[in-house]
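Q: The following block contains the structure, expressed as structure tokens.
The values are calculated or read from the model by the stated rules, or taken from the named source; none is laboratory data. Quantities reported herein were computed from a predicted structural model and do not represent experimental measurements. Neighbour counts run over all protein chains shown; Cβ positions are idealised from the backbone, glycine included.
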Amino acid sequence: MEKKEREKRCHVLVLTYPLQGHINPLLQFAKRLVSKGVKVTIAATHFTVRSICAQGVEVETISDGFDEGGFMQAPSAEAYLESFRTVGSRTLGELVLKLQERGSPVSCLVYDSFLPWALNVARESGIYAASFFTQSASVCSIYWHAHRGLMALPVPTEAMPVSIPGLPSLESSELPSFLASPESYPTYLSVIFDQLTDLDKNDWVFSNTFEELEGKVTKAMTGLWPVTMIGPMVPSAYLDKRIKGDTGYGASLWKQNSEEYMKWLERRAPSSVLYISFGSLAKVTAEQMEEVAWGLGESGQPFLWVVKELEHEKLPDGFMKSIQEIGLIVNWCDQLEVLAHQAVGCFLTHYGWNSTLEGLSLGVPMVGVPQWSDQPTNAKFVEDVWGVGVRAKCDDKGIVRREELKRCIKEVMERERGKVIKGNAIKWKELAKEAISEGGSSDKKIDEFVGRLLNVKG
Ligand code: UDP
């Protein structure tokens, strides 16, 4: 079928939640669809729209009701979500109409599962709907069991480990924090549950994972949860050097100085550098930052650490000066560019799902200091199931101390266990590449999705 004809028949509108860790995988999915000859438009909020620029993907604006500053302008998380639901529903519906009037009708709305109201917009517009989960399939399965009342909440700390089909048994400290202590996160827990309520009414439910990585849990959920695995949503050029062009997600909410850190990395020996980032949401306490800082300083390992501008005040006095020889602190970086650099030997991470998938897909061994949300569960899988990293243990106050960090860094970068971890990391890198390559498990699922959309009128 001619490209023009394909694009006319198959126009996908992709709705993102305006956080870096949500925009990246949805935008990457948009690019994959474009590479299959599909027309794709991203619907982004006023606050994020200027940061998005991906080849072949059109970008349109909708409103979350906070056009100047996005969620930072909102008085609370509840107020933001409610505003996005009401204003977002209206403006998204208007966008679907506008595209139709322009002669480019939308055939399917793919929306971030954090925005479940988008399903109604799709239904009212008479188009297909697909919910896109940005967390692991294992974490979604845990939430699904909690939502269906198959797990007691809050999970008692003293109780037996939680047992869920297809998953290893999980201690309370290994569960998503929204379930381990639901009283602390009522808003987020209700968002999580809302996205599961009408799951069955979607035409597709996509998960940013792949068959080889999480096939066991999705098999155990057969008939309960109709998930399609289409990941990892990591730009292809990092997984397969023969692919040119796809070297970034195409969105960055913060600016980076690539030249500075790439030059710094160039001067380091292969696999000698520790790269540290705790993601885009800055959830690390000042006490934890201080322990990380001194742990790094004392480890003797060269390090590149992303500390967002607002977090600089959490660094101990005199730290910046004391590390000039050995470390570099940047406000933001292109994380994939850094992880793919041969000088990087270990990734100290919070185990956000995108960072976890990126480390795994690029074959970089990891040390984790999980903070909240799904991060403790991701840590469990990284260490005990996939064997590509370790979780640093915290004390009674929930802080990982500098000695423990140094121990973990040594273990991953120097000791025998590190060699096993590196071997596993290389294996997973290969499997991730296969999944997204032509004919691979995830690639086939995307082809099936596109095929179904193309067949609608033909
Ligand atoms: N990231 C980046 N530069 C940085 C830090 C993070 O590009 O300096 C990207 C990273 O590649 C990932 C996303 O931001 O795709 C963070 O998502 P994740 O799920 O790991 O964590 P979150 O920020 O949602 O906690």
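Q: Scan the range 19-34 and tell me whether some residue there is away from the ligand (no atom under 16 Å from the Cβ) and out of contact with any Gly (no Cβ under 6 Å at 6 or more places or on another chain).
A: There is at least one residue in the range 19-34 that is away from the ligand (no atom under 16 Å from the Cβ) and out of contact with any Gly (no Cβ under 6 Å at 6 or more places or on another chain).
Q: Could you list, in sequence order, all residues of the range 171-195 that are buried (at least 20 other Cβ atoms within 10 Å of the Cβ) and either without any contact (Cβ under 8 Å) to a residue 60 or more places away in the chain or of a type in the set (D, E, K, R) (or both)?
A: 174, 179, 189, 192, listed by residue number.
Q: Then there is this: For the condition over 24 Å from residue 386 (Cα atoms), within 16 Å of the ligand (Cβ to nearest atom) and out of contact with any Cys (no Cβ under 8 Å at 6 or more places or on another chain), what is the one hit in 197, 285, 209, 187?
A: 285
Q: Further question: Condition test on residue 101, is it within 24 Å of residue 373 (Cβ to Cβ), of a type in the set (Asp, Glu) and surrounded by fewer than 21 Cβ atoms within 10 Å (Cβ to Cβ)?
A: no
Q: Among the residues of the range 222-241 satisfying the criterion of being aliphatic (A, V, I, L, M) and buried (at least 20 other Cβ atoms within 10 Å of the Cβ), which is farthest from residue 433 (Cα to Cα)?
A: Selected residue: 227.
Q: Here's another thing I want to ask about it. Going by what's in this entry, would residue 173 be described as over 24 Å from the mean Cα position of the chain (by Cα), on the phi < 0 side of the Ramachandran plot and more than 16 Å from the ligand (Cβ to nearest atom)?
A: Spelling it out, it is not the case that residue 173 is over 24 Å from the mean Cα position of the chain (by Cα), on the phi < 0 side of the Ramachandran plot and more than 16 Å from the ligand (Cβ to nearest atom).
Q: Filter the range 134-171 for residues that are of a type in the set (A, V, I, L, M, F, W, C), at pLDDT below 90 and touching a helix residue (DSSP H, G or I) at 6+ places or on another chain (Cβ under 8 Å) and give the result.
A: Residues satisfying the conditions are 151, 153, 155, 159.
Q: Can you tell me which of (1) touching a Lys or Arg at 6+ places or on another chain (Cβ under 8 Å); (2) more than 26 Å from residue 24 (Cβ to Cβ); (3) buried (at least 18 other Cβ atoms within 10 Å of the Cβ); (4) not hydroxyl-bearing (Ser, Thr, Tyr) is the one residue 289 doesn't meet?
A: (2)
Q: Can I ask one more? Among the residues of the range 388-405, is there at least one that is surrounded by 24 or more Cβ atoms within 10 Å (Cβ to Cβ) and within 24 Å of residue 249 (Cα to Cα)?
A: yes
Results for (1) more than 12 Å from the ligand (Cβ to nearest atom); (2) outside any strand (DSSP E or B); (3) modelled with pLDDT of 95 or more; (4) farther than 25 Å from residue 370 by Cα, shown as yes or no for each residue.
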{"position": "225", "(1), (2), (3), (4)": "yes, yes, no, yes"}
{"position": "245", "(1), (2), (3), (4)": "yes, yes, no, yes"}
{"position": "275", "(1), (2), (3), (4)": "no, no, yes, no"}
{"position": "281", "(1), (2), (3), (4)": "no, yes, no, no"}
{"position": "301", "(1), (2), (3), (4)": "yes, yes, no, no"}
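Q: Pairs only if they're at least six apart or on different chains, beta carbon under 6 angstrom, first in the range 40-55 and in contact (Cβ under 8 Å) with a residue 24 or more places away in the chain, second of a type in the set (Lys, Arg); list them, first residue then second.
A: Close Cβ pairs satisfying both conditions: 54/31.
Q: Conditions: (1) buried (at least 21 other Cβ atoms within 10 Å of the Cβ); (2) without any contact (Cβ under 8 Å) to a residue 60 or more places away in the chain; (3) touching a helix residue (DSSP H, G or I) at 6+ places or on another chain (Cβ under 7 Å). Residue 297 meets all but one. Number of the miss?
A: Unmet for residue 297, out of (1) buried (at least 21 other Cβ atoms within 10 Å of the Cβ); (2) without any contact (Cβ under 8 Å) to a residue 60 or more places away in the chain; (3) touching a helix residue (DSSP H, G or I) at 6+ places or on another chain (Cβ under 7 Å): (1).
Q: Another one. Is it the case that residue 261 is within 14 Å of the ligand (Cβ to nearest atom) and assigned to a helix (DSSP H, G or I)?
A: yes
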